[in-house]
Each structure stands twice: as structure tokens, then as C-alpha cells.
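Asker: The structure's right below; bear with me while I get my questions together.
The values are calculated or read from the model by the stated rules, or taken from the named source; none is laboratory data. Only a predicted model underlies this, so the values are computations on that prediction, with no experimental measurement involved. Cβ: placed from backbone, ideal geometry, glycine included. Neighbour counts: every protein chain shown.
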Amino acid sequence: MANAGFAILLWGVCGLFMKLGTNRISARSMVIWVTIGFVILVPFMWRMTTLAGLSAGAISAGLIAGGVNGLGNWAIFASLEKGAKASVAIPLTALYPLCTVILATAFLRERPSSLQWLGIALALAGGAMLSYEPPVAPALEERPQCAQ
Amino acid sequence: MQTEPRRFPVWLWYALLCVFWWGLWGFFSKIGSVSANPLQLQILFTLGMLPVAFGMLVQMRGRLDHNPGGAAFGMLSGLFTGLGALGYFAALRQQDASVVTPVTGLFPLLTVVLAFIVLRERLNKVQMGGIVLALASIVILSI
């Protein structure tokens, strides 16, 4: 499980870096720098595999997935830029499999298992609770100091 | 005591938009993974991200923020996400996805701990309960 631990460590730290980055630069600039980070890895991956032999459908699906992933990156950076706490936004957006399950149910005719239904219910409840911010009480008006 | 009417915060709209886009990413990845291996998909994801990044650059009229700290954190975010994915794929070669995916899905817990220590973020009790439910849901949905 060392590799899984490595993934947890890097992805967990990444959530912190996203917030630290959006504290300094705009969400759109973050998208570009993050993409550069991804591009750095491509030559190494290219040595291990090739795209030869892939169907046009698979290539299209992969490219579209990359595009919507980029838009998702922009949205999370915009959320952090607009004041979301990393400790709220990262767990909240990690609930995206909920959306995938719904899309797969609608378009791939997959049927969620009873366990997945439980996961969907927990995701909805967890998402609602994560986004809860107690109402802010207005600041008390300054009262004139009365000299007695 | 009177309180301000509750408004839907802007950050939450963006977070939900992110859930939608990443949900679509999961959907198209599912379609692509029928014939492409994880590494091939990772390369395609990167290529697919390029037009989005280019579109952002055009929107900014080429004025990319060069704050060294921000750029470094941004690049490291991309690098760490990609390297983390490679670690995840390597783990999949040794263990079943039904074990690896739910375990790696717990990564937000580390972010929460780091944000508590480094950024001094504090959550209310409802949000803490939300994190527990969200993590449980991530594990269940990734089995």
C-alpha cells in the first residue's frame, strides 16, 4: 500500500497548495500553472506508453475529460479565491463521484447498487453540512459614550 | 438578536460547479478507460487541459500572474496531482481497485489536517460532521 500512501500524501498536500496558490494569484493563472505542472510529466509518461492503436472514440473521450478537468480546476480555484476554506472546499469537491454516478445512471444505463445509494445519500447530507456557515450577526452599532 | 438573511455564498456556487465538471471528467474517463490504459488517459487529460489553459491566457490578454509563490504552488499542484495519479495507478497494479480507490479517496482528510495546522482554518461542528459523512460517502462510492 506504499503507492496508495504516496498518492494520498501528494493529493492531500496538493489541496493545501491550491489554497496557498490562490491566496497569491488569480484562479485563471492557477489553471495555467497547474497545466504546466501536468505537462512536465508528459515526457516521462510518454516513455512508458504510446497513444498508438487507440480508437478515435477513446482519444476523444480522454481529450474531453481533460478539458472538463481543466474547467473543474478553474472552478475549485475560483471557489478558493472567493474565500472558501481549503478544509471545506477540498472535501466538498471530492464528492464529484456523486455526479459521475448520476451521469452513468442517466447515459450509460448503469444502475447504482444499494451501497451506492447509501453513498449518494451520505454525499448529499455531507455536502449540505460542509457548506453550512452559521448566520453572521450584524456588528453592534457603536453607542455614544454618555458622560455621567 | 437580529441576524443577516442567509445568502448562498459565491464560493459555494463555484465549488458545486467544480463537482459538476469533475463529475463529467469521471464520466468521460469511464468511457475512455474501456480501451485506454490509465497512463494513456493521463496523457490525453493533459492534452485536453491545454485548450482550457490557452483560453484562460487569452481571457487574461496574456497577462499571466508571475508571483513566484503563486506560480510555484500552482505548478506543484499540477505536478503533485499527476505524480499522485501515477502512484495510484502503481497501487492498482498490486491491489484491487476496490481496496485502493476507497483508501486513496481519503486524501481530503490530510488536506483538512494541513489546513488546520498551516492555515489555521477552523470548522464548526456541523462542518466536522459533514467531513465524516463526505469521507464515508467517498469510500462507499469508490468501492
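Asker: Can you confirm whether the stretch B:13-35 contains a residue that is buried (at least 22 other Cβ atoms within 10 Å of the Cβ), among the polar types (S, T, N, Q) and modelled with pLDDT of 95 or more?
Answerer: no
Asker: Just one of A:Leu95, A:Leu103 is in contact (Cβ under 8 Å) with a residue 12 or more places away in the chain and either within 7 Å of chain B (Cβ to nearest Cβ) or under 25 Å from A:Leu20 (Cβ atoms) (or both); which is it? It would help to see each step written out before you state the result.
Answerer: Details: A:Leu103 fails: in contact (Cβ under 8 Å) with a residue 12 or more places away in the chain.
Of the residues listed, the single one that is in contact (Cβ under 8 Å) with a residue 12 or more places away in the chain and either within 7 Å of chain B (Cβ to nearest Cβ) or under 25 Å from A:Leu20 (Cβ atoms) (or both) is A:Leu95.
Asker: Which condition from (1) at pLDDT below 95; (2) within 28 Å of B:Leu12 (Cα to Cα); (3) in a helix (DSSP H, G or I) is the one that A:Arg47 breaks?
Answerer: In the conditions (1) at pLDDT below 95; (2) within 28 Å of B:Leu12 (Cα to Cα); (3) in a helix (DSSP H, G or I), A:Arg47 misses (2) alone.
Asker: Continuing with this model, one more query. Going residue by residue through the stretch A:71-94, is there one that turns out to be at pLDDT below 95 and either farther than 25 Å from B:Lys125 by Cα or of a type in the set (Phe, Trp, Tyr) (or both)?
Answerer: Checked the stretch A:71-94: no residue is at pLDDT below 95 and either farther than 25 Å from B:Lys125 by Cα or of a type in the set (Phe, Trp, Tyr) (or both).
Asker: Restricting the first residue to the stretch A:119-148 and requiring it to be more than 30 Å from A:Leu98 (Cβ to Cβ), which pairs with a second residue that is at pLDDT below 90 and assigned to a loop (DSSP other than H, G, I, E, B) meet a Cβ separation below 7 Å and a spacing of at least six or different chains?
Answerer: Within 7 Å, the pairs are A:Ala137/B:Met1; A:Ala137/B:Thr3; A:Pro138/B:Gln2; A:Pro138/B:Glu4.
Asker: In the stretch B:4-61, what count of residues is obtained for those that are facing chain A (nearest Cβ under 7 Å), without any contact (Cβ under 8 Å) to a residue 24 or more places away in the chain and in a helix (DSSP H, G or I)?
Answerer: 36
Asker: Same structure again: Which residues, counting only those in the stretch B:62-90, are over 19 Å from the mean Cα position of the chain (by Cα), part of a helix (DSSP H, G or I) and facing chain A (nearest Cβ under 7 Å)?
Answerer: B:Gly69, B:Ala90
Table: residues versus (1) touching an Asp or Glu at 6+ places or on another chain (Cβ under 9 Å); (2) closer than 23 Å to B:Met75 by Cβ; (3) facing chain B (nearest Cβ under 7 Å); (4) free of Cβ contacts under 8 Å to residues at least 12 places away in the same chain.
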residue: A:Gly37; (1), (2), (3), (4): no, yes, yes, yes
residue: A:Pro43; (1), (2), (3), (4): no, yes, no, yes
residue: A:Met48; (1), (2), (3), (4): no, yes, yes, yes
residue: A:Gly53; (1), (2), (3), (4): no, no, no, yes
residue: A:Gly57; (1), (2), (3), (4): no, no, no, yes
residue: A:Gly67; (1), (2), (3), (4): no, yes, yes, yes
residue: A:Gly72; (1), (2), (3), (4): no, yes, yes, no
residue: A:Glu81; (1), (2), (3), (4): no, yes, no, no
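Asker: Could you check the stretch A:76-97 and list, in sequence order, the residues that are among the hydrophobic types (A, V, I, L, M, F, W, C), assigned to a helix (DSSP H, G or I) and surrounded by 24 or more Cβ atoms within 10 Å (Cβ to Cβ)?
Answerer: Once the filter is applied, which keeps residues that are among the hydrophobic types (A, V, I, L, M, F, W, C), assigned to a helix (DSSP H, G or I) and surrounded by 24 or more Cβ atoms within 10 Å (Cβ to Cβ), the stretch A:76-97 yields A:Ile76, A:Phe77, A:Leu80, A:Ala86, A:Val88, A:Ala89, A:Ile90, A:Leu92.
Asker: Looking at B:Thr101, B:Thr111, which one is of a type in the set (S, T, N, Q), more than 28 Å from A:Gly83 (Cα to Cα) and out of contact with any Asp or Glu (no Cβ under 9 Å at 6 or more places or on another chain)?
Answerer: B:Thr101
Asker: Right, next: How about the stretch A:109-120: which of its residues are surrounded by fewer than 23 Cβ atoms within 10 Å (Cβ to Cβ) and at the interface with chain B (Cβ under 7 Å from one of its Cβ atoms)?
Answerer: Selection gives A:Leu115, A:Gln116, A:Leu118.
Asker: Hey, another quick one. Going by the structure shown, is A:Ala104 modelled with pLDDT of 90 or more and outside the structural domain of A:Ile8 (by TED's automatic domain parsing)?
Answerer: Numbers: modelled with pLDDT of 90 or more: no; outside the structural domain of A:Ile8 (by TED's automatic domain parsing): yes.
For A:Ala104, the condition - modelled with pLDDT of 90 or more and outside the structural domain of A:Ile8 (by TED's automatic domain parsing) - is not met.
Asker: On to the next question. A:Leu20 - would you say it is within 7 Å of chain B (Cβ to nearest Cβ) and surrounded by fewer than 19 Cβ atoms within 10 Å (Cβ to Cβ)?
Answerer: Judged against the criteria, A:Leu20 is not a match.
Asker: If the requirement is being crowded, with 20+ Cβ neighbours inside 10 Å, in a helix (DSSP H, G or I) and of a type in the set (Ser, Thr, Tyr), which of these qualifies: A:Thr105, A:Thr100?
Answerer: On the way: A:Thr105 fails: crowded, with 20+ Cβ neighbours inside 10 Å.
Only one candidate passes the filter, namely A:Thr100.
Asker: Within the stretch A:55-68, identify whether any single residue is under 13 Å from the mean Cα position of the chain (by Cα) and either part of a helix (DSSP H, G or I) or modelled with pLDDT of 95 or more (or both), and answer yes or no. Reasoning before the result, please.
Answerer: Step one: list which residues in the stretch A:55-68 are under 13 Å from the mean Cα position of the chain (by Cα), which gives A:68.
Adding the requirement that they be either part of a helix (DSSP H, G or I) or modelled with pLDDT of 95 or more (or both) leaves A:68.
There is at least one residue in the stretch A:55-68 that is under 13 Å from the mean Cα position of the chain (by Cα) and either part of a helix (DSSP H, G or I) or modelled with pLDDT of 95 or more (or both).
Asker: Looking at the stretch B:61-78, which of its residues are among the charged types (D, E, K, R) and crowded, with 16+ Cβ neighbours inside 10 Å?
Answerer: B:Asp65, the sole residue that qualifies.
Asker: Within the stretch B:110-143, can you find the residues that are assigned to a helix (DSSP H, G or I), at the interface with chain A (Cβ under 7 Å from one of its Cβ atoms) and closer than 17 Å to A:Phe17 by Cβ?
Answerer: Of everything in the stretch B:110-143, those that are assigned to a helix (DSSP H, G or I), at the interface with chain A (Cβ under 7 Å from one of its Cβ atoms) and closer than 17 Å to A:Phe17 by Cβ turn out to be B:Leu110, B:Thr111, B:Val112, B:Leu114, B:Ala115, B:Phe116, B:Val118.
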